[in-house]
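The values are calculated or read from the model by the stated rules, or taken from the named source; none is laboratory data. All values derive from a computational prediction rather than experimental measurement. A quick note on method: Cβ atoms are made from the backbone with ideal geometry, for glycine too, and the neighbour counts reach across all protein chains shown. Calculation scope for accessible area: heavy atoms of the full protein, side chains included, ligands and nucleic acids excluded. Shrake-Rupley method; radii C 1.70, N 1.55, O 1.52, S 1.80 Å.
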Amino acid sequence: MTGKARLVVEDDPFLRLIGVILDPATDPERIAAFADFFAHDLPDFEGWLSQLRSRLPKLFPAEVRLVDSSEALRGALNHADFAVMESLPFGAAELAAAPRLRAVQKYGAIPSNIDTAACAARKIPVLTIRRRANIACAEHSIALMLGLSRQLQRTINRISTQSLHAAGFAPRTYDRRHTANSNWARVPGICLLHETTLGIVGLGEIGREVATRAAAFGMNILYHQRTRQPEDVETAHHVHYADFDTLLETSDWLVICLPGNANTRHLFNAMRLARIKPGARLINISRPEIVDRDALIAALRSGHLGGFALDPLYEAPGRDDDELLQFNNVLITPHIAAQPRFNALDDITDLITGLEKKLP
């Protein structure tokens, strides 16, 4: 191969890191922004860049072109060696515009937006990656469920009778001559995940990661999305399909794993929140606006909704006087579900080193 490799990359906030790593023409302001973005986990960003580039003798330096539409994608593919896609469709029209393409990389594990048959016919490999950030989001959803089930939002670090009284409990030890002394703090409402029903709304990459972990807790797992998954996918992830109303009415726990867009905005409105099984708990690790905030507060205030957990926030930074914080069955974290930053750094490293192997 002679000359620089050329990559056409979907303009995703994390995929922009590919240009920072590979393309010397990248705006120094962008490089500085990424150094700041990673600083709390990776203080020496420049050192990390140098070390990674030294492992890419065939790929660095490269020309990286970011695209944000199908039209821009097709217009950029004429001299491309690689196409890196997150959600833009890639099929026969894109292949026809890419005579020198070596591989299509999906930034994720499920290449549903890529015509794999058309790529196979051209003998173009389709590469995938199981994103660590998706795994982290799934782990965080389980952590939020455990937090609510164990009442951690009310009890964490409250170990004295004074602090427990301040939280509204009535702590008092039991008669040890006759009984054990567990839960002497007398915290009500603690429950198991085991043998409860989890409803996953959206069985994409994060939804599947959640299902895998929930199965280990012995939960009965339902899911709903517009298109039912093949039987082998359902079996592999221990899930059962349910229509949306059935999912809402029968689940003890609901986890939202959907993209934020016009179709999902306020999907959980007053009507759907009212259909939720009384006392069920709702976990939103997707975009906050999927749940109508006013309807959510009304459902919590009425007691119909048994609990709520959220990451990320409706507004960032949040406010200490946020009305949601007044409920003792709410658990909110400040957009940390996908952390640590090394999830993204390691994913992009794996992606780029995989492309390096496709060069002669």
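So here's what we get for this one:
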item	result
The chain - charge dipole about Cα centre, Lys and Arg +1 at Cβ, Asp and Glu -1, debye rounded to 20	800
Total charge dipole magnitude, segment 5-68, about the Cα centre, Cβ charges on Lys, Arg, Asp, Glu only, Debye to nearest 20	420
Farthest positive-ward along segment 149-294 dipole, Cα basis, beta-carbon charges - from Leu193, Ala216, Leu248	Leu193
Cut-off 11 Å between beta-carbons: net charge of the residues surrounding Ser69, Lys and Arg +1, Asp and Glu -1	-3
Residue-normalised accessible area of the chain, expressed per residue, 1.4 Å probe, Å²	49
Distribution of pairwise C-alpha distances over segment 1-139, 10 Å bins, in %	11, 39, 35, 13, 1
Under-5 Å amide H pairs with Val84, H placed in peptide plane, nonlocal only	Val8, Val9, Glu10, Gln105
Which of Ser112, Ala166, Phe45, positive extreme of dipole for the chain (C-beta unit charges)	Ala166
Spatially close lysines, pair count over the chain: Cα under 21 Å, gap of eight or more or interchain	11
From the C-alpha gyration tensor of the chain, square roots of 5λ in Å	44, 24, 18
Selection from Ser70, Leu59, Ile31, by position along the positive dipole direction of segment 1-71 (Cβ)	Leu59
Table column - 3J(HN,Hα) (Hz), segment 300-311, Karplus curve with 6.51, -1.76, 1.60, x for Gly and Pro	6, 5, 6, x, 5, 8, x, x, 8, 9, 9, 7
Rg over Rh [alpha-carbon atoms, Kirkwood Rh] for segment 180-243	1.17
With Cα atoms, 0 to 90° folded angle of helix 28-38 axis to the chain main axis	30
Share antiparallel - DSSP beta bridges, segment 1-153, percent rounded to 5	0
Percent accessible area from carbon and sulfur atoms, the chain, protein chains only, probe 1.4 Å	51
Zero-based 10 Å bins, Cα pair distances in segment 245-346, whole percents	15, 48, 29, 7, 1
Listed peptides 267-280, 40-53 by packing density, highest first (mean Cβ within 10 Å)	267-280, 40-53
Per-residue [θ]222 nm for the chain (sum of -39500 (n - 2.57) over DSSP H runs n ≥ 4, rounded to 500)	-10000 deg cm²/dmol
